[in-house]
1. Got a sec? Charge dipole of the chain, +1 on Cβ for Lys and Arg, -1 for Asp and Glu; which of PHE289, LEU95, ALA246 is way out at the positive end?
2. Do any trypsin sites (Lys or Arg not before Pro) in the range 187-240 lie in a loop, going by DSSP, with at most 12 other beta-carbon atoms within 10 Å of their beta carbon, and if so which?
3. Using packing as a proxy for protection, rank 155-164, 17-26 so that the peptide with the highest average count of other Cβ atoms within 10 Å comes first.
4. Assuming 1.306 mPa s and 10 °C, estimate D for the range 145-185 with Stokes-Einstein, Rh taken as the Kirkwood radius over Cα pairs, in µm²/s.
5. For the range 1-83, build the charge dipole from Cβ charges (+1 Lys, Arg; -1 Asp, Glu) around the Cα centre, then report which of LEU56, PRO3, PRO82 sits farthest towards its positive end.
6. What nm value, rounded to one decimal, do you get for the distance between ASN105 and ARG202 when each label is placed 7 Å out toward the C-beta?
7. Rounded to a whole number, what % of the accessible area of the chain do carbon and sulfur atoms account for, probe 1.4 Å?
8. Using the Cα atoms of the range 1-147, I'd like the radius of gyration and the largest Cα-Cα distance, Dmax, both in angstrom.
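The values are calculated or read from the model by the stated rules, or taken from the named source; none is laboratory data. Here the structure is a predicted model, which is why all the values come from computation and not from measurement. Quick reminder, even Gly has a Cβ in these numbers, built from the backbone with ideal geometry, and neighbours come from all protein chains shown. The accessibility values were calculated without ligands, DNA or RNA, using every heavy atom of the protein model including side chains. Shrake-Rupley method; radii C 1.70, N 1.55, O 1.52, S 1.80 Å.
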Amino acid sequence: MRPFGYLRAGSVDEAVRAAAGQPGAQFLAGGTNLVDLMKLGVESPRTLIDVGRLPLDRIEELPDGGLRIGAMVRGADLAAAPAVRDRYPVLSQALLAGASGQLRNVATTGGNLLQRTRCGYFQDTAKPCNKREPGSGCPAREGTHRDLAVLGHSAHCVATQPSDMAVALAALDATVRLHGPEGERTVPAADFHRLPGDTPERDTEIRLGELLTAVDLPPPRPGARSRYRKARDRASFAFALASVAAVLTVRDGLVEYAALAFGGLAHRPWRARAAEAVLHGAPATEATFARAADAELAAAAPLRDNGFKVPLAHALAVGVLADLAGLAAHG
Ligand SMILES: Cc1cc2nc3c(=O)[nH]c(=O)nc-3n(C[C@H](O)[C@H](O)[C@H](O)COP(=O)(O)OP(=O)(O)OC[C@H]3O[C@@H](n4cnc5c(N)ncnc54)[C@H](O)[C@@H]3O)c2cc1C
Ligand code: SF4
């Protein structure tokens, strides 16, 4: 048994002050990831600062027509909110593709973005892992890595980022709001998660003691359609082998706007800028969509056992874009 302290924060300031004053403190939101990792001995905070009851559980309209999602909004509430379902279907679909109904009732927006990788070595304290114990090695590279990265990995870590919601937020150009001892700042959602490089212990750009307070969505683009699709080993309760979030506007048969992000392929949601460059202004046809996916996935460097993810992601991207463009074969 490892003893740990517990305190419930009554305000954002109190939570941030408590975190700054207590080395080894960690925020606890829904606990669906953190408590599991504590049981496994992967995380061992000295103090849990419970932020689950902070008044950050609202979805608010922003003056520019966007939405602000409080960090404590539960996944189930966010997926079901009419403003999200109607204006940002890709986000609602991504949430519903993740975890289970029971988990979504508890899991929060902030906790979802900050959940840790599901790499089996990371979760097994008997094994080395650079993310859990920097410098100890990465057995996944030569070991079991079927579910792991094909893009942007490093010699130090080949893990994938597990959140479905993060992939939708990257495609939507959302912004993450953070509050720390030095005040507030924002980070684009597409840049919030990091590539592993030689510091795989850092999943995101969040700084020690910072609290994620909200996620802002820009106003929806007029005429745009959006969709999330995920390939996984089981129909529920499974993380993405590959997934795609896409936002598309077509005018007079040409792609006017396209935003595409892949999940399950990298240590971060993979915003597909090379694919987007091919799409913009091109005819909205399957041939264009295939060329765009080719352009992005040319950078893939699969490991021994996960090469299947590349054609899988390609097929998902082409299928989703074709659906959004209303092409009959994928209707
Ligand atoms: C069986 C199972 C299947 C799952 N399947 C999926 C899936 O398919 N797709 C998917 O996306 N997710 C999946 N999940 C993950 C689930 O979505 C996450 O466990 C959940 O979103 C975490 O949210 P939480 O509020 O419980 O976070 P917690 O467990 O409380 O916290 C997670 C981490 O975030 C930190 N944290 C939490 N809130 C904040 C904050 N506001 N500011 C700063 N730090 C914070 C905590 O310190 C901790 O490090 C699954 C989980 C389980 C158990
Ligand atoms: S892939 Fe990353 S998380 Fe998995 S063992 Fe290697 S260093 Fe650890």
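1. Of the listed residues, the answer is LEU95.
2. ARG207, ARG234
3. Details: 155-164: 24.0, 17-26: 15.6.
Highest to lowest by the protection proxy: 155-164, 17-26.
4. After rounding, the answer is 123 µm²/s.
5. PRO3
6. 3.9 nm
7. Ligands and nucleic acids excluded, carbon and sulfur reach 53 percent.
8. Rg and Dmax of the range 1-147, Cα atoms, are 17.6, 51 Å.
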